[in-house]
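Read the structure below first, then the notes.
We did not get these values from a lab; they are worked out from the coordinates using the rules stated. Just so you know, these numbers come straight off a predicted model, no measurement behind them. Positions of Cβ are backbone-derived with ideal geometry, glycine not excepted, and every protein chain shown enters the neighbour counts.
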Amino acid sequence: MAEFPTTIIETVGEPDQDSTMILNMGPQHPSTHGVLRLVLEIDGETVLRVKPEIGYLHTGIEKTCEAKFYQQVVPLTDRIDYLCPMTNNLTYCLAVEKLLGLEIPPKAQWMRVLMNELTRINSHLVWLGTHAMDLGAMTVFLYCFREREDVLRFFEMVSGQRMMTSYFRIGGLALEPPIGFFEKVKKFADRFPGNVDEYENLLTGNPIFMMRTKGVAYLSPEDAIAMGACGPTLRGSGVDIDLRRDAPYTGYENFKFKVPVRTEGDVFARYLCRVAELRESIGIVQQALAGMPEGPIKADSPKVVLPDREKMKTQMEALIYHFKIITEGFTVPAGEVYQAVESPRGEMGYYVVSDGTAKPYRVHMRGPSFANLQVLAKMCEGGLIADVIAAIGSIDVVVGDIDR
Amino acid sequence: MALAPPITDIEQLKSHPALGRLVEWNSSVVQEVRFDREELTIWVAKEAIREVCAILRDFADCPFNYLSDLTCVDWYPSEPRFEVVYHLLSISKKERVRLKARLDGSSPAIESVTSVWPAANFFEREVFDLFGVRFTGHPNLKRMLMPDDWEGHPLRKDYPVEGYR
């Protein structure tokens, strides 16, 4: 592979000729899905260069993590990628569990897979609705948010929260799923493939949607790999990678699913990948429901996992452990771990460094949106302004994940 | 599941494709290795980081062609103070490796790997912004998350969590 000339990542400066102009898109723009600002250099309707300006949502979560106990970081992780809170929880918990060498009971693992796939459906529904609305299809948005409401209700059932769930804890789950939860999810899972057909009826063969997406914002597989694209953006360019299959975590090796890959590399290919993923995810949900094991939902490690309320009322030791975890935290053996998980947007990685104390020495989040945003400039160059909107929608950025 | 003790012997770990390739190419760049919790870390000489990355990217048997992550850790007050951390992934072989380069605290600088992976662009800018590590040869090394006129580098350990008041 040849050395990449640095000019391809050179960014917008002053307009060099009288014929070009600088157009400011965002940070308050309805189609940028948050406070993302793009500076476009345009010649008429043609986009010459794109420069993303980020940082409007920077909250310093990585710094805050260093001042918290390990278990106190979990609620912070929800706020990073707020469309897939459970995936963030999962990645962080897996990283710390790997540092500790904790074994997670099967029921907790299967519940994690189940909730993680529901999260993927939730995130993809928001993406599909807003992406279609950006391109002028209002109805799809309403349909998607109708099903998303069901998924959010499941989140509320298990955790008490619709969005900032913090349901996965270090060592297992926060609570047992309530009575009747699995039946409700089963009903939803039986119905959902029909809903996906509805979305596809509105979009997949729709001539307007096809014209707005086919051949638009092309990304070659070489560029996608070199520029760090991940998830459906990478798979839409024909690179066959999915961490759930290639580096299984939390019991994904027990599930059968296909990894949708398209070779066209345009907005439509990325759309098809994600819609196919919706169907695969609901398949995994069905498998998780069918094979849900019985047993505890927390690891047997009293120094790390909070005891049950009932035990605290009757057992002195449980009360002592509870008091110690809350007031002093628990220590984690020194070391470092990079845990990568396939989030709805791609490779979400948590790099956690421990120095042997009760607070993480360093937590770094590799946000998939952060990496995907880099390819946006490459996709949009030479296209029309209207195609920038389609391109932003197709890489599915979440600004909380970019700025952290 | 008890933690296995880490392995730090280069000879034992040579079977890992990344380490094998580096030792075969130029064993003097490998300063230290550590295999801990199923993850391999290689400390390389900071002068050679760009070449090491290019060698691993173009390694035919197991091309580490994907830069997963690039970040930094501040070990203040000990010296060398900074460690720049590279996480590489081989998409075809599903192998991962972590590279590290140690930098002094006085004027931390390391060669940019943007010519190897354009993906490093944002990651290096972020590290520059939050740690103050300079990447020589980076095409656009400017602050990214913090405002342009911000003073200090927030993720350094001597920067207070509440900020300067």
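For the range A:82-159 and the range A:339-380, write down the distance between their C-alpha centroids in whole Å.
17 Å
Return one number: the angle in degrees, 0 to 90 and rounded to the nearest 10, between the long axis of the Cα atoms of helix A:385-395 and the longest principal axis of the Cα atoms of chain A.
Taking the Cα atoms of chain A, the angle to A:385-395 is about 20 degrees.
Of B:LEU88, B:LEU155, B:LEU145, which has the largest mean-square fluctuation in a 10 Å C-alpha GNM of chain B?
B:LEU145
Which of the GluC sites (Glu not before Pro) found in the range A:272-333 are loop residues per DSSP with 16 or fewer other Cβ atoms within 10 Å of their Cβ?
On the way: sites: A:GLU277, A:GLU280, A:GLU294, A:GLU310, A:GLU317, A:GLU328; in loops: A:GLU294.
Passing both the DSSP loop test and the Cβ count: A:GLU294.
Return the subset of A:LYS256/A:LYS303; A:LYS187/A:LYS258; A:LYS214/A:LYS258; A:LYS51/A:LYS98; A:LYS186/A:LYS324 for which the Cα-Cα distance in this structure is over 29 Å, preserving the input order. Please report the intermediate quantities before stating the final value.
Values: A:LYS256/A:LYS303 35 Å; A:LYS187/A:LYS258 23 Å; A:LYS214/A:LYS258 24 Å; A:LYS51/A:LYS98 38 Å; A:LYS186/A:LYS324 40 Å.
Going by Cα-Cα distance, A:LYS256/A:LYS303; A:LYS51/A:LYS98; A:LYS186/A:LYS324 fall outside the 29 Å limit.
Where in the range A:381-396 is the amide nitrogen less than 19 Å from a point lying 7 Å along the Cα-to-Cβ axis of A:MET21?
A:382-389
Give me the percent relative contact order of chain A, please, defined on Cα pairs under 8 angstrom at least 6 residues apart.
Numbers: 767 pairs, mean separation 100.4, N = 404.
Once normalised by length, the contact order is 25 percent.
How high is the relative contact order of the range A:36-192? Use alpha-carbon pairs under 8 Å, at least six apart in sequence, and give a whole percent.
Details: 169 pairs, mean separation 32.6, N = 157.
That works out to 21 percent.
Which three semi-axes in whole Å describe the equivalent ellipsoid of the range B:10-108, each the square root of 5 times a Cα gyration tensor eigenvalue, listed largest first?
Working: eigenvalues 102, 38, 34 Å².
Over the Cα atoms of the range B:10-108, the ellipsoid semi-axes are 23, 14, 13 Å.
Computed over the Cα atoms, what is the radius of gyration of the range A:231-280 divided by 2.2 N^0.38 Å, N being its residue count? Let's see the in-between values first.
On the way: Rg = 11.1 Å, N = 50, 2.2 N^0.38 = 9.7 Å.
Scaled against compact globular proteins, the figure is 1.14.
Please work out, to two decimal places, the log10 of the ratio I(q)/I(0) at q = 0.20 Å⁻¹ from a Debye calculation in which every Cα of the range A:203-304 carries one identical scatterer.
-1.01
P(r) for the range A:63-403: what percent of alpha-carbon pairs falls in each 10 Å bin, starting at zero?
It works out to 6, 25, 33, 22, 10, 3, 0, 0, in whole percents.
Using only DSSP helix segments of four residues or longer, with each worth -39500 (n - 2.57), what per-residue ellipticity at 222 nm results for the protein assembly as shown after dividing by its residue count and rounding to 500? Each step should come with its number before you reach the end.
On the way: 20 runs with 228 residues, N = 569.
Theoretical 222 nm ellipticity from helices: -12500 deg cm²/dmol.
What's the average, rounded to a whole number, of partner chain beta-carbon atoms within 10 Å of each residue's beta-carbon in B:62-72?
Details: counts 0, 2, 0, 4, 10, 5, 9, 13, 3, 9, 2.
Shielding by partners across B:62-72 averages 5.
Once you list every other residue whose beta carbon is under 15 Å from the beta carbon of A:HIS322, what net charge do they have if Lys and Arg are +1 and Asp and Glu are -1?
On the way: positive: A:ARG169, A:LYS298, A:LYS303, A:ARG309, A:LYS311, A:LYS313, A:LYS324; negative: A:ASP308, A:GLU310, A:GLU317, A:GLU328.
Taking every other residue near A:HIS322 into account, the sum is +3.
Counting other Cβ atoms within 10 Å, keep those with at most 15, restrict to DSSP loop, and tell me which trypsin sites (Lys or Arg not before Pro) in the range A:180-264 are left. Before the final figure, lay out each step's value.
Values: sites: A:LYS184, A:LYS186, A:LYS187, A:ARG191, A:ARG212, A:LYS214, A:ARG235, A:ARG244, A:ARG245, A:LYS256, A:LYS258, A:ARG262; in loops: A:LYS214, A:LYS256, A:LYS258, A:ARG262.
Loop-located and lightly packed - A:LYS214, A:LYS256, A:LYS258.
I'd like the mean, over residues of B:113-120, of how many other protein chain beta carbons sit within 10 Å of each residue's own Cβ.
Working: counts 0, 4, 5, 4, 5, 13, 12, 5.
Partner Cβ neighbours, averaged per residue: 6.
What whole-number value in cubic angstrom gives the convex hull volume per residue for the C-alpha atoms of the range A:322-404?
Details: hull volume 9.5 nm³, N = 83.
Expressed per residue, the convex hull around the Cα atoms of the range A:322-404 is 114 Å³.
Average projected area of the Cα convex hull of chain B, in nm²? Display every interim value, and only then the final one.
On the way: hull surface 45.5 nm².
Mean projected area of the Cα convex hull: 11.4 nm².
Counting only other chains, and only Cβ atoms inside 10 Å, what mean value do you get across the residues of A:52-63?
Taking the mean over all residues of the peptide, I get 4.
Run the numbers on chain B and let me know its relative contact order in percent, using alpha-carbon pairs under 8 Å that are six or more apart. The partial results should precede the final answer.
Details: 299 pairs, mean separation 27.2, N = 165.
It rounds to 16 percent for chain B.
If one computes P(r) from the Cα atoms of the range A:58-161, what percent of pairs lie at distances over 20 Å? Write down the numbers at each step before the final one.
Numbers: 2647 of 5356 pairs.
Percentage above 20 Å: 49.
Could I get the Rg over Rh figure for the range A:71-129? Both from C-alpha atoms, Rh via Kirkwood, rounded to two places.
On the way: Rg = 12.5 Å, Rh = 12.2 Å.
My calculation puts Rg/Rh at 1.02.
For the protein assembly as shown, what is the Kirkwood estimate of the hydrodynamic radius, computed as the reciprocal of the mean inverse distance between distinct Cα atoms, to one decimal in Å?
24.5 Å
Convex hull over the alpha-carbon atoms of the range A:329-368: what's its volume per residue in Å³? Intermediate values should be presented prior to the final figure.
On the way: hull volume 2.4 nm³, N = 40.
For the range A:329-368, the hull spanned by Cα atoms encloses 61 Å³ per residue.
Which value, in Å³ per residue, describes the convex hull spanned by the Cα atoms of the range A:253-322?
Values: hull volume 10.8 nm³, N = 70.
Expressed per residue, the convex hull around the Cα atoms of the range A:253-322 is 154 Å³.
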